[in-house]
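The values are calculated or read from the model by the stated rules, or taken from the named source; none is laboratory data. Computed from a predicted structure; not experimentally measured. Note that each Cβ is placed from the backbone with ideal geometry, even for glycine, and that neighbours are counted across all protein chains shown.
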Amino acid sequence: MRGLVDKKGEQFAVLRGQILYDLEGVATGRRDGDFIVDLAGKRVWRIVGHGVYTLDGSESIGYFGSEVPEKMTW
């Protein structure tokens, strides 16, 4: 699981496997290679490393945080 954080540092989505969820747990899209696509399969954002950008790369949307296990074991 990786959080998707906006430019202000606020998390607004979670990537679990290849599926992107909003913070209410509703699936909003998925990762398809170097892109985030909506539920209809239309490209929405481009992924470069940990960064997420508009398709033309002109604006930063945010970044993916580090991978975190779904359940913490202590």
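Just checking: which of the strands (runs of 3 or more DSSP E) contained wholly in the chain hold 1 or more residues that are surrounded by fewer than 16 Cβ atoms within 10 Å (Cβ to Cβ) and of a type in the set (D, E, K, R)?
Numbers: elements: 2-6, 11-16, 19-22, 27-32, 35-38, 43-48, 51-54, 60-64.
Answer list for the chain: 2-6, 11-16, 19-22, 27-32, 35-38, 43-48.
Looking at VAL37, VAL5 in this structure, which one is more than 14 Å from PHE64 (Cβ to Cβ) and in contact with a Gly (Cβ under 9 Å, 6 or more places away or on another chain)?
Numbers: VAL5 fails: more than 14 Å from PHE64 (Cβ to Cβ).
The conditions single out VAL37.
Any chance you could count how many residues in the stretch 20-33 are over 14 Å from VAL44 (Cβ atoms) and either touching a Lys or Arg at 6+ places or on another chain (Cβ under 6 Å) or charged (D, E, K, R) (or both)? Break it down into steps so the answer makes sense when it comes.
Narrowing the stretch 20-33 to residues over 14 Å from VAL44 (Cβ atoms): 21, 23-26.
With the extra rule that they be either touching a Lys or Arg at 6+ places or on another chain (Cβ under 6 Å) or charged (D, E, K, R) (or both), the set shrinks to 24.
Looking only at that region, the number is 1.
Only residues that are over 19 Å from LYS8 (Cβ atoms) and either at pLDDT below 95 or among the aromatic types (Phe, Trp, Tyr) (or both) were counted in the stretch 27-48, giving 1.
Taking the condition at pLDDT 95 or above and within 10 Å of the chain's Cα centre (by Cα), does TYR53 pass? Steps first, please.
Values: at pLDDT 95 or above: yes; within 10 Å of the chain's Cα centre (by Cα): no.
Criteria not met by TYR53.
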